[in-house]
Protein chains: 2
Amino acid sequence: MDKLLNPKSIVVIGVSSREENLGKNILKNLINFEFTGKIYAVGTKNGSVFGIRIYESVLDVPDKIDLAVILAPARIVSSIIENCGKKGIKRAIILSGGFSEYEEEKKEIENELIKKAERYNMRFLGPNCQGVINARNGLCVPFPVMNKENFPPGHVSIIAQSGNVGILSAYLISKQNIGVNNIVSIGNKLNIDEVDFLSYFIRDNETKLIFLYLENIRNGRKFYDIIRKSKKPIIILKSNISPLSSNVAMSHTAALTTDDRIFDAAIKQAGAIRVKDLDEFVTCAKIFSMPYMQGNNIVIISPSGGYCVIGTDNCAIHKFNLPSLPSTLLNEVKKYGKAKVIKLSNPIDVGDIYDANAIYKTVKKVSELDNINGIVLSMFFSPKKEIDRFDTPFAGHDTEVMISQLKKLTEKSNKPITVSIISVVYDIDNKDYELPLFSSPVEAVKALAASRDYFAYLNKKEGKLLNDLKVDLGGVEGVLKAAKKEGKAYLGREAMEILNYYGIPVEMPEISTDIQSAIGYANNIGYPVAVKIHSENVLHKSDIGGVMLNISNDEELRTAYKKIKDNLRASSTPSFQLIIQKMVKEGKEVILGVKYDNNFGHVIMFGVGGIFVEVLEDITFKLPPISREDALEMIKEVKGFKILEGARGDGPYDILAICDGIVKLSKLIGDFPQIKEIDINPFIVFKEGMGGKTIDARIIL
Amino acid sequence: MDKLLNPKSIVVIGVSSREENLGKNILKNLINFEFTGKIYAVGTKNGSVFGIRIYESVLDVPDKIDLAVILAPARIVSSIIENCGKKGIKRAIILSGGFSEYEEEKKEIENELIKKAERYNMRFLGPNCQGVINARNGLCVPFPVMNKENFPPGHVSIIAQSGNVGILSAYLISKQNIGVNNIVSIGNKLNIDEVDFLSYFIRDNETKLIFLYLENIRNGRKFYDIIRKSKKPIIILKSNISPLSSNVAMSHTAALTTDDRIFDAAIKQAGAIRVKDLDEFVTCAKIFSMPYMQGNNIVIISPSGGYCVIGTDNCAIHKFNLPSLPSTLLNEVKKYGKAKVIKLSNPIDVGDIYDANAIYKTVKKVSELDNINGIVLSMFFSPKKEIDRFDTPFAGHDTEVMISQLKKLTEKSNKPITVSIISVVYDIDNKDYELPLFSSPVEAVKALAASRDYFAYLNKKEGKLLNDLKVDLGGVEGVLKAAKKEGKAYLGREAMEILNYYGIPVEMPEISTDIQSAIGYANNIGYPVAVKIHSENVLHKSDIGGVMLNISNDEELRTAYKKIKDNLRASSTPSFQLIIQKMVKEGKEVILGVKYDNNFGHVIMFGVGGIFVEVLEDITFKLPPISREDALEMIKEVKGFKILEGARGDGPYDILAICDGIVKLSKLIGDFPQIKEIDINPFIVFKEGMGGKTIDARIIL
C-alpha cells in the first residue's frame, strides 16, 4: 500500500485539454494539493494542459512510473493496464465506471483486468472509485476538483466504498479541526480491498483513527481477524443492510448483501465501533481526538438548567454516574456566583456565574478530582472581538480564551473535557478552535460512552481458550468417516456421540425398531422416558404428534407407541423409526449452535428456547474461537437471560453449564472445520450447579 | 395570553444604571428588538438608563401599564406584586430565581404570590424563567442581551420550561430560515403553565408549529385533551425521564418526575411528536415547513451512489417504498448523462450528470408522477459566485438557482422535496437559502417519516366509542355501595360481578368455606374445575402452592383441597378461603387493566401474559375513552401480538374479543370514575371467533 499512497512519480491516463475532460481535473488536483512527486499525463492526442505534456501512450513517458491513474472508458482499460504492465508500473488506480456495477456482462472485462494485473505483478485499486487523497504528500486523484483547505493533514484514515462518502466524511471532520491522513475509495475492489488498507493503516504511524464506509465485505473472517488486532479505534458505517438496498448497492459498487446480524456481532466482538450515519462518525472522531474516558463518572457543568437536566437524562441512558462533589469545591464555586440563588451539586448549574474565567477554574478543580473520569461542559459563547459590540453575560472575559485553556487541560488531566456551545448570539465556526465542539450535552454524553466502551475493550483481559481439553479426536474422526462412507450429509444420533466426545452432556437416545426393544431399553435406563419420531424429514416433531413425554411404565409406553404411529399415519409422514430417551429433570430450554455464514465462516450461536428464539428472534452470535468469558457475554446479551437469572422466584439456572457447552462447541468446530453446522436444540439447563443436558442435536456436514 | 404577549405598555422592575445590573439588559433588548409599546423602568433609586427614566415605585409611573417584568430578589417579589396589583396591572412576568427550586422553604413565598395574584385578578408567568420573546412586536424580556437577527419572525411558537433551551431552539431553526412567532419560558409555572400557552398557540393564526421543552407537566390529562384537539403539529422534548434526573430537575424548575411510559403513550395518542434532542426538533421544524408527505412512496436522487444506498437503507428502516419509475422518464434522464455508464432506476444515481439544470428537470419530472409522495435529493453544491474560482462539476450552472426553483416546486407540487448538500468544497450557510437543507438522506428520510405519520394521524377517522352499550348502572352502583359499606378498598369476586354487568365475559368463581360446599358447587358447574386460595394478602397465588388446576372428580377435589391447605400452612399464610372455578378451554393469557396515574388520571393498559409482561415489561397504555380501533392499535403495539396472531401454526387467537374487553373497560371507568384501578389478570383469549374469559380480576376503589 505504501507504494500506492506514496509514489515518487505518477501518470494520469485519459487526459485531454477539452473543456469537458475530467482527466485534467486530476492534474489540477495534484497541482492544487502540491503533490510532491513527478506528474505525467497520457491521452489520445498529443498536447499539453496546465503546462504538462500529454503523451499518446504510457510507453512514451521518459521516466520510471510508480503509479498510474486511469480514467478512460471501461472497454479500453484492459489494454491500458497491459501497456502499464509493459512499462513496469506496479500500482494502478482505475477510476472509470461502467463495469459489473453497470451490467453483468462486464464481469468478463473485470476478469481480464485481474489476470493482466497478476501477469505483470501489479496491484490496482478500483475500478469505479475516486482513488486516493493523501493529505501529507498532495496525492489527490479524484476527478471532481477539490479544495486543499478542506483536507488539512491529520491522523484519521478513511477507507470508503463510495468516493463521495469518503470525501464528505473527511470534509465534515475538517470542520471540527480534525485532519485526515489518507482517504481511499475502493469501488468494485477487484484487486485491492478494505482488508489490504485496514492492515496498512493499523500499522501506519500517522493513523490514529480509522473510518470505513462499506457496502459489503469481501472476506468477513479476515476482516474480523484484522480488526481484532487493532489497538486503534476503528469506526464502521455499513450500509446495504436491507433487501431493498441490495439492488441499489449492486449497481453502485457491485456489492452483495450480507447477514447484518452477523456482521454486527462480528465487528462488535472485534472491538470496532459501528455508526449509523456520518454524524455519528464525526462524533466519534471528535471524542477519539481526546484522552479516553477511563471510567463511569461524569460531572456536568452548564449555565443552562435545562441542559443540566437533559445531560443527566443522557447520563442515565448511557449508564454513567454523576458522583456527588466535595462541599469544599462546591462552596468555592458558589463564591463565583452573583445572586447565589442556584443550588449547586452535580450537575453544577453555573447559571449564576458571569465570568468565563471562573467557569474555567471550576472545570479545572473538577478535573483534578481522582474519581471523575470526564466532564460535560455546555457554555454560552462570547468571542473576544465581539465583547464591545454586545454586552454579553461574559463581558470582560471571553470563552475563546477558555476553549484554548480547556484544550490544554484535557491533555494535562488525561481526561476528556467535552465542550458544547449554547450559541444564542453568535455563529460559532468550530474551525476557529483547536478543541472539537459538541452540538449539545446529548452528543457529548453519547461520545463519552463510545470512548468509555472502547477503553474498556482495550483493557479487557483476553479470555482463556479451551486448548487443554482432552478429546479422543480419533473417535470423532471415526464417526465422521463412517458418516461420510454412508454418504450422510446430516447427523442425528452421531451428532450426540460427537458432542459426547467433547464432554458436552447428552441424554443418549436409543433408536428402536419395535416395541419390544423399546421396552427393553426403557427398563434399562429406567422410567420415565420420552418417545419421539426419528426422521430426517420432520423438523418440528411435536407439531405432527411425534413426541410423547413422561412415560412412566411399560403399559404407557405401549400406548404411546401406538398413538405416535397413528398420528404419523394421519399426517402421512413417510417411513420412520422411534427414539427412546430418558426424561431429564425440569429445566429451561436453550439453543446452542454453530452456523455457517458465507462471509464470516463459522459463527457460534446462542438463544433461550421458546418465545425468545422463535417469536422475538432473540439470538446472539460470536465468531470462534471463544473463551468462557466470551460465552458468558453471549448469554448475558440476550433478552432471555432474565429467565436464566431467575424470574419470579424461579431459577437461577446453571449458566456456567451453558458457558461450558458453548466453549466446547467452539473447540469442536475449530478441530473439525469440515463440519458445516451444529444445532443443539434443545439443551436443557438445570438449576444452578446442576448442569444441563443435550436432548436433541444435529450436525450438517 | 394575548394581553401578556401583546402589551401596549410595559414596566421593567429591578433596573439600575450599575454595570452589573441585569434589569437594564431587558431595556436594551426591548430597544434592540424595537418593541412597539411604551417602556417604563422601576428601580430602588431614581435615575435613568438608555434615556429611560427609572421610577422608585411602580405606583409612580404616570401611565396605564399592561405588563410588569420583575427581576428582583425573591424575598421582595411579593411586595412588588402587591404594588403592581394596586397599580391595576393584570399581567406580570417574574424572572427572578431563588424560589422553591432553590430551597423547599421558599414554597411559602410562592404561595403568597399565588394568593396576591388571585386577589388582584392578575395572571403571572414564572418565577425562575426568561419570560417571553415576541418576534412580531419586539417584546423581548430575557435578561441576557439578545440579537434581533437571530429571531426572524415566523410561524413557530416555543414553550420552554428552560429559558435557554427555548432561546437556543429558536436560534437553531433561524439558521434554517425558519422564523419564530413567540418564545415563552415558563419556569416554575406557579400561575401560567404549558397548558395555557398551548391552548393559546393552537388558536393563534400566526402559529403553524408548536414546540415544547418540558421537565414536567402540571396536569397530564388536560395537556392530553388540548393536544388532541390540535390540527397543528406539536413537537415535544421532554426531559427529566430518569430517577437520576429528578433531583436535578427539581432544583432547576421544581419539576417532579412522571411515569415516562405513560407520558409517551399519551402524547402519541394525542398526535404529538416526541423528539429526543434539539436536533430532532430542528429536523421536524424543517419538514413541517413543507407540504405533508401524503403517502409511502419516495424517489431518491443523488450523484453519490453511496448516498443512494444509505438513503435506501433508511427508507427500509422507516417502511417507505421506492417504486419503479417509468422507463420513458429514466430514458430522458439518461440523455442528460455524460459517460452513460450508470444504471438508472430508483434511486436515480445522477453521478453522470454534470448540469444542475438537468437535475432540476429530473426532480420536476419525478414530482409530477402521481404515485410519488416525496423526493430525497442529495446534491453537490456550486454557488454562482464561485464558479470561476473552482472548476466545479457544475461549472456553468449553479445549485443556488436550483434550490430556489425547488422551493417553488415543492409548493406547486404539494409534495415535500428534501434537499441535502454533499458539501465537499464549500461551506454552505443554510441562512442564504429559503429552502431548509437537510444534513444527509438519513435526516431527510427520518423527517419524511415524521411528516407521513403526522399526516396519517390527521386523516385517521375518529373511532366510534361504545356509548350505546346498555349497562345496568344501578346494579353496578349497588355492588360498589355494598363494598363501601363494608369499608372495602379492594374488590375480588365483586370485581367479576361488575365486569359481568358490562358484558365482559367472566368465569364466575364460587367461594367455599368447606369441602362439602365445594363438591356441591363443582358438580353444579361440572368438572374439570380449579381450586385457588382466596386471600387479599396473596399476590402470586401459585408461588405458594395455592392453585390446583384440572381437577376432574370429587376424589381429586378432596385431595387438592387438602394439599392446598397443607401448602398454605407450610408457608404460614394467614386465614383464607378457597375458590372453586370451572376450568376454561385452552387459550392465551392476556392482561387488561385500568391504572391510575397521578398526572394523567385513568389509563387503560394491555399486555400479553407470561414472559411478555413479567420479563419483558411489554405493556402498552392509552388514555380513555378509547374506541375499538384504538384498542386494536394497543393490541398490535405489543411484541406479544405475534403470539396472538399465531406463531408456529398455533393461533390466531380471538383478538376482537380482547378489543371488546378493552373498550368495555374504557366505558366502565368512564361511568364510574370513583374506581381507581381495575386489573383483569388473566383474561384467557380463545382461538379466533371463540371469545375469551376473565379468570381473575380485582378492583381498587
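The values are calculated or read from the model by the stated rules, or taken from the named source; none is laboratory data. Keep in mind it's a predicted model, so treat the numbers as computed, not measured. Here the Cβ is made from the backbone with ideal geometry for all residues, glycine too, and neighbour counts use every protein chain on show.
The set of residues in the stretch B:627-649 that are charged (D, E, K, R) and on the phi > 0 side of the Ramachandran plot contains only B:ARG648.
Of the residues screened, B:PHE281 is one that is modelled with pLDDT of 95 or more, under 30 Å from A:ILE421 (Cβ atoms), crowded, with 24+ Cβ neighbours inside 10 Å and not aliphatic (A, V, I, L, M).
With the requirement that a residue be in a strand (DSSP E or B) and over 22 Å from A:LEU466 (Cα atoms), what does the stretch A:480-511 give you? Steps first, answer last, please.
Here is the first cut: in the stretch A:480-511, the ones in a strand (DSSP E or B) are A:490-491, A:506, A:510-511.
A:TYR490, A:LEU491, A:GLU510, A:ILE511, listed by residue number.
Candidates B:LYS286, B:LYS268: the one that is buried (at least 21 other Cβ atoms within 10 Å of the Cβ) and away from chain A (no Cβ under 12 Å) is B:LYS286.
Residue by residue, here is whether (1) outside any helix (DSSP H, G or I); (2) over 26 Å from the mean Cα position of the chain (by Cα); (3) in contact (Cβ under 8 Å) with a residue 12 or more places away in the chain holds:
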{"site": "A:PRO625", "(1), (2), (3)": "yes, no, yes"}
{"site": "A:LEU632", "(1), (2), (3)": "no, no, yes"}
{"site": "A:LYS636", "(1), (2), (3)": "no, no, no"}
{"site": "A:ALA657", "(1), (2), (3)": "no, yes, yes"}
{"site": "A:ILE662", "(1), (2), (3)": "no, no, yes"}
{"site": "A:SER666", "(1), (2), (3)": "no, no, yes"}
{"site": "A:ILE669", "(1), (2), (3)": "no, no, yes"}
{"site": "A:ILE678", "(1), (2), (3)": "yes, no, yes"}
{"site": "A:ASN681", "(1), (2), (3)": "yes, yes, yes"}
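The condition (being of a type in the set (S, T, N, Q), assigned to a loop (DSSP other than H, G, I, E, B) and without any contact (Cβ under 8 Å) to a residue 12 or more places away in the chain) is satisfied by just one residue among B:ASN205, B:ASN177: B:ASN205.
Does B:LYS232 count as away from chain A (no Cβ under 14 Å), on the phi < 0 side of the Ramachandran plot and in a loop (DSSP other than H, G, I, E, B)?
Values: away from chain A (no Cβ under 14 Å): yes; on the phi < 0 side of the Ramachandran plot: yes; in a loop (DSSP other than H, G, I, E, B): yes.
So B:LYS232 fits the description; yes.
The residue that is surrounded by the most Cβ atoms within 10 Å (Cβ to Cβ), counting only those in the stretch A:304-330 that are among the polar types (S, T, N, Q) and away from every other protein chain (no Cβ under 13 Å), is A:SER327. Only one of the listed residues (A:GLY689, A:GLY640, A:GLY649) is of a type in the set (Gly, Ala, Ser) and without any contact (Cβ under 8 Å) to a residue 24 or more places away in the chain. That residue is A:GLY649. Only one of the listed residues (B:VAL590, B:VAL603) is within 30 Å of A:ILE544 (Cβ to Cβ) and away from chain A (no Cβ under 14 Å). That residue is B:VAL590. Being modelled with pLDDT of 90 or more and over 30 Å from A:GLY670 (Cβ atoms), is that true of even one residue in the stretch A:529-537? The answer is yes; a qualifying residue exists. Scanning the stretch B:242-278 for residues that are farther than 18 Å from B:ILE159 by Cβ, at pLDDT 85 or above and of a type in the set (A, V, I, L, M, F, W, C) turns up B:ILE262, B:ALA265. Residues in the stretch A:1-48 that are in a strand (DSSP E or B) and buried (at least 19 other Cβ atoms within 10 Å of the Cβ): A:ILE10, A:VAL11, A:VAL12, A:ILE13, A:TYR40, A:ALA41, A:VAL42. For the stretch A:581-614, give me each residue that is hydrophobic (A, V, I, L, M, F, W, C), in a loop (DSSP other than H, G, I, E, B) and either in contact with a Gly (Cβ under 8 Å, 6 or more places away or on another chain) or closer than 24 Å to A:LEU701 by Cβ (or both). Within the stretch A:581-614, just A:PHE600 meets the criteria. If you go through the stretch A:28-49 and keep only what is of a type in the set (Ser, Thr, Tyr) and under 16 Å from A:LEU5 (Cβ atoms), you end up with just A:THR36.
Does A:SER17 meet the test of being within 37 Å of the chain's Cα centre (by Cα) and of a type in the set (S, T, N, Q)?
Values: within 37 Å of the chain's Cα centre (by Cα): no; of a type in the set (S, T, N, Q): yes.
When the stated conditions are applied, A:SER17 does not pass them.
With respect to B:ILE54, is the statement that it is in a strand (DSSP E or B) and within 14 Å of B:GLY43 (Cβ to Cβ) true? First the steps, then the outcome.
Numbers: in a strand (DSSP E or B): yes; within 14 Å of B:GLY43 (Cβ to Cβ): yes.
Answer is yes for this residue.
Could you check how many residues of the stretch B:331-357 are part of a helix (DSSP H, G or I) and buried (at least 18 other Cβ atoms within 10 Å of the Cβ)? Show your work before the answer.
Of the stretch B:331-357, the ones part of a helix (DSSP H, G or I) are B:331-336, B:356-357.
Going one step further and asking which of them are buried (at least 18 other Cβ atoms within 10 Å of the Cβ), we end up with B:333, B:356.
Number of matching residues: 2.
Restricting attention to the stretch B:97-115, the residues that are facing chain A (nearest Cβ under 8 Å) and crowded, with 22+ Cβ neighbours inside 10 Å total 2. What tally of residues in the stretch A:289-300 results from selecting those that are surrounded by 22 or more Cβ atoms within 10 Å (Cβ to Cβ), in a loop (DSSP other than H, G, I, E, B) and within 14 Å of chain B (Cβ to nearest Cβ)? Qualifying residue count, the stretch A:289-300: 0. Of everything in the stretch B:153-208 that is closer than 20 Å to B:ALA270 by Cα and buried (at least 24 other Cβ atoms within 10 Å of the Cβ), the residue that is farthest from the other protein chains (Cβ to nearest Cβ) is B:PHE201.
In the set B:ILE525, B:ILE421, B:ILE515, B:ILE519, only one residue is farther than 30 Å from B:THR559 by Cα and of a type in the set (Val, Ile, Thr); that residue is B:ILE421. The residue that is nearest to the chain's Cα centre (by Cα), counting only those in the stretch B:307-330 that are assigned to a helix (DSSP H, G or I) and farther than 19 Å from B:SER367 by Cβ, is B:ILE317.
Quick grid of which residues meet (1) assigned to a helix (DSSP H, G or I); (2) touching a strand residue (DSSP E or B) at 6+ places or on another chain (Cβ under 7 Å); (3) within 15 Å of A:ASP2 (Cα to Cα):
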residue	(1), (2), (3)
A:GLU118	yes, no, no
A:PHE124	no, yes, yes
A:MET146	no, yes, no
A:VAL156	no, yes, no
A:ASN182	no, yes, yes
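Among the residues making up the stretch A:17-45, those that are within 14 Å of another protein chain (Cβ to nearest Cβ) and without any contact (Cβ under 8 Å) to a residue 40 or more places away in the chain are A:SER17, A:ARG18, A:GLU19, A:GLU20, A:ASN21, A:LYS24, A:LEU27, A:ILE31. Scanning the stretch B:248-280 for residues that are farther than 29 Å from B:PRO625 by Cβ and part of a helix (DSSP H, G or I) turns up B:VAL248, B:ALA249, B:MET250, B:SER251, B:HIS252, B:THR253, B:LEU278, B:ASP279, B:GLU280. Scoring A:LYS667 on the criteria (1) away from chain B (no Cβ under 14 Å); (2) more than 23 Å from A:LYS268 (Cα to Cα); (3) surrounded by fewer than 23 Cβ atoms within 10 Å (Cβ to Cβ) leaves a single failure, condition (2). Taken together, the criteria exclude A:SER451 from residues that are in a strand (DSSP E or B) and at pLDDT 90 or above.
Could you list all residues from the stretch B:180-202 that are of a type in the set (Asp, Glu) and either under 10 Å from B:HIS155 (Cβ atoms) or in contact (Cβ under 8 Å) with a residue 40 or more places away in the chain (or both)? Outline the logic, then answer.
Taking the stretch B:180-202 as the starting set, the residues that turn out to be of a type in the set (Asp, Glu) are B:193-194, B:196.
Matches in the stretch B:180-202: B:ASP196 only.
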